[in-house]
Amino acid sequence: MVHPIIETLLWRHATKKYDASKKIPQEDLDVLFEAMRLSASSINSQPWRFVVIESAEAKERMSKTFAQKHQYNQPHVFDSSQIILFAHNPCYTRDDFAKVVDKGIEDKRTKPEDRERAFGVFMFAELNTDETGNTSGWTKAQTYIALGNTLHTLARLKIDSTPMEGIDTDLVNEAFKKELDGYQCDVALAIGYHHPQEDYNSKLPKSRHRLDDILVRI
Ligand SMILES: Cc1cc2nc3c(=O)[nH]c(=O)nc-3n(C[C@H](O)[C@H](O)[C@H](O)COP(=O)(O)O)c2cc1C
């Protein structure tokens, strides 16, 4: 018998064509968004912002960003249920981390008298900040953890998805400048339900490296 976790991971695939007639129910979106919020990150930095594109106006705006490249992903804009922009903070500062510390106090994880001590771990951010204040390498890595968590959660909900680095990042960041509010989007995620006939990837066998080529037990 295949373990249910493996079954789920074999079920999920990068959808190549969506069924435009199917949209995700609100109760599943609620679970999904909460799972995204609960994603892990280094020092609990949570240096991300998720922009959910679902209105006709926002989808129109997203569609226009495919004017110059990556047109193969463009049909997902209207056929999928939502597109989520995964964006990272390119300049994560002590003020950003202060919000994490203060939320920790509000959530009763950190005692108010330990507030100053809680900033000790901020050295992880400092170690990943260059001389210009850029933290992108580190904050983008954290945002991809949220992306991975989202992919697994979607599979458990039996919702299809397509991670997309195939986006015109210049045009996307310009078109959604207001909503991104200084965060940088380098990857988006289409979510919805695959087309029963036209999604060729749903019928292909999974292909991955052999375990003994990638895993070393010592
Ligand atoms: C970060 C990331 C970016 C990706 N970008 C695209 C993309 O732009 N378009 C696309 O069709 N698939 C994209 N994919 C899908 C991968 O090609 C796919 O996950 C991989 O080939 C494994 O296949 P599977 O997901 O169907 O198991 C991306 C996947 C990841 C994780």
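The values are calculated or read from the model by the stated rules, or taken from the named source; none is laboratory data. Keep in mind that this is a model prediction, so the values were computed, not measured. In this analysis, Cβ positions are derived from the backbone assuming ideal geometry, glycine residues included, and neighbour counts consider all displayed protein chains. Protein only, heavy atoms only, side chains kept; ligands, DNA and RNA dropped before computing areas. Shrake-Rupley method; radii C 1.70, N 1.55, O 1.52, S 1.80 Å.
Annotations
- Sequence of Met123, Met1 when ordered by accessible area, the most exposed leading, probe 1.4 angstrom: Met1, Met123
- With every protein chain in place and a 1.4 angstrom probe, the accessible-area ranking of Trp48, Trp11, largest first, reads Trp11, Trp48.
- Per-residue packing, averaged as other Cβ atoms within 10 Å, sorts the ranges 89-102, 200-213 into the order 89-102, 200-213, beginning with the highest.
- Note on the chain: helix-only mean residue ellipticity at 222 nm, from DSSP H runs of 4+ residues weighted -39500 (n - 2.57) and normalised by residue number, equals -11500 deg cm²/dmol.
- Projecting the Cα atoms of Tyr200, Val187, Thr169 onto the charge dipole of the range 111-218 (Cβ charges, centred on the Cα centre) puts Tyr200 farthest toward the positive pole.
- Largest to smallest accessible area among Val172, Val121 [probe 1.4 Å]: Val121, Val172
- Protein accessible area in the range 23-194, 1.4 Å probe - carbon and sulfur %: 52
- Take the range 23-194 with all the other protein chains still there, run a 1.4 Å probe, and you get 51 Å² of accessible area per residue.
- In the elastic network of the chain, a GNM with C-alpha springs shorter than 10 Å, the most mobile of Gln71, Gln184, Gln142 is Gln71.
- Accessible surface of Leu32 - all protein chains present, 1.4 Å probe, nearest 10 Å²: 0
- The reciprocal of the average 1/r between distinct C-alpha atoms defines the Kirkwood hydrodynamic radius, which for the range 132-218 equals 16.1 Å.
- The chain: angle of helix 94-106 to the longest principal axis, Cα-based, in degrees nearest 10: 90
- Estimated translational D of the range 23-194 in µm²/s (Stokes, Kirkwood radius over Cα pairs; 4 °C; 1.567 mPa s): 76
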